[in-house]
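Remarks on the structure that follows.
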């Protein structure tokens, strides 16, 4: 039961790094980079043939063939996330190789290349961090009240998963939920204008038999005055139904 009452773990802070580097890393980790940038980096990172252990492992065919569609979709989503780990690992592996092979005199010349590769790795890892943060929010969403669950859709995260301005987010989430409910209520309960019954128009089709009042007793009790003799009345035509 102690674990249920435990607080979230706090990281012990180390000495600060270069301010410019820290600002660049913060930007990469807190703001999602364009998809095109990540795709370009990923396309340039080919897996070394002698380092396949850092690739994304596929599900064994025997297991994949019996998995339901929902299970496949869930695992595929994790594979996409894990692919970013592989991309960053490839970049870091190349940096390690450069440092291993280069002597002190060549390190100065390789500085720009190493800096570029390091930023690319951080870009990929920053995107991965954003994806994991969103997955955590999606896992938390079912435990929140529906009025405020919209905060799980916000993309920004700082040292706190839902950002530093949670109060404003909660206010906006409630306002958004209220607008959606009002709109749905209006569309569901549309006022219906009263439409009076329209007078039926006599159908001239030969299949029309007429109303009961016209078929029976129209001249009952009126005698024969004013009526044409039977042999002069226009014959009615009826079709068997």
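Laboratory data are not the source of any read-out in this text; all were calculated from the coordinates shown. Keep in mind that what you see is a predicted model, and the values were worked out from it rather than measured. Using ideal geometry, Cβ is built from the backbone for each residue, glycine included, and neighbour counts are taken over all protein chains shown.
Summary table below
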quantity: Spacing of the two label points (7 Å from each Cα toward its C-beta) at residue 97 and residue 20, in nm; calculated: 2.9
quantity: Tensor-based shape of the stretch 1-155 (alpha-carbon gyration tensor, a/c under 1.5 rounded, otherwise prolate or oblate); calculated: oblate
quantity: For the stretch 50-99, Kirkwood radius (reciprocal of mean inverse C-alpha pair distance, Å); calculated: 12.5
quantity: Relative packing of peptides 45-54, 85-94 - highest average C-beta neighbours within 10 Å first; calculated: 85-94, 45-54
quantity: Sequence ranges 58-66, 120-128, 95-103, ranked by mean other-Cβ count within 10 angstrom, highest first; calculated: 120-128, 95-103, 58-66
quantity: Highest average packing first - 68-80, 22-34, Cβ atoms within 10 Å; calculated: 22-34, 68-80
